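Peer 1: Sharing a structure with you now.
The values are calculated or read from the model by the stated rules, or taken from the named source; none is laboratory data. Worth saying up front: this structure is predicted, and the values here are computed from it rather than measured. Note that we place each Cβ from the backbone using ideal geometry, even for glycine, and neighbour counts take in every protein chain shown.
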Amino acid sequence: SCVGDGLTLCHVFGGDGMKPAGMSLREYHIAVQRAAAEKREGMARAAEARAVVLARAKELAHSLAKNGRQVTADDVQFALSREGISPAILGPAAGSLFKGKEWECTGFVASSRVSNHACMIRVWRLRK
């Protein structure tokens, strides 16, 4: 499942959480925890720097997700562009778009944005 805010070994290395060769299990766990902390700090800085556009993007996400509809970051960025707001303005703050307990991840889909090179992105819906 992709639901939850915690970073597990599977999230970092996939499957069975294989650690890099030559690294002790203790070192590995410390590195994962440090990486998770740095990720949270970076997301907070990005969200603060783009607070106004992020707030609008979150409003659009909620609007798009009405009636149980599933939504992606691509959907929100498309909606921003229809309002004349370049998706590039959101930048790394997009990582905080679905942050919060009101959202749940329902799966993954290939991004339709050419600049994302069809990378897998999460699909979200509002919790019931």
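Peer 1: Can you name the residue in region 37-92 that is of a type in the set (Gly, Ala, Ser) and touching a Pro at 6+ places or on another chain (Cβ under 8 Å) and is also farthest from Arg113 (Cα to Cα) among such residues?
Peer 2: The residue in question is Gly42.
Peer 1: Would you kindly identify the helices (runs of 4 or more DSSP H) lying entirely within region 1-110 that contain at least 3 residues that are at pLDDT 90 or above and loosely packed, with under 13 Cβ neighbours inside 10 Å?
Peer 2: By residue number, 51-64.
Peer 1: Take the residues of region 111-125 that are among the small types (Gly, Ala, Ser) and surrounded by 12 or more Cβ atoms within 10 Å (Cβ to Cβ): which is farthest from Ala36 (Cα to Cα)?
Peer 2: Ser112
Peer 1: Here are some residues: Ala88, Ala65, Ala94. Which one is touching a residue at least 12 places away in the same chain (Cβ under 8 Å) and under 21 Å from Gly42 (Cα atoms)?
Peer 2: None of the others qualify; the one that does is Ala94.
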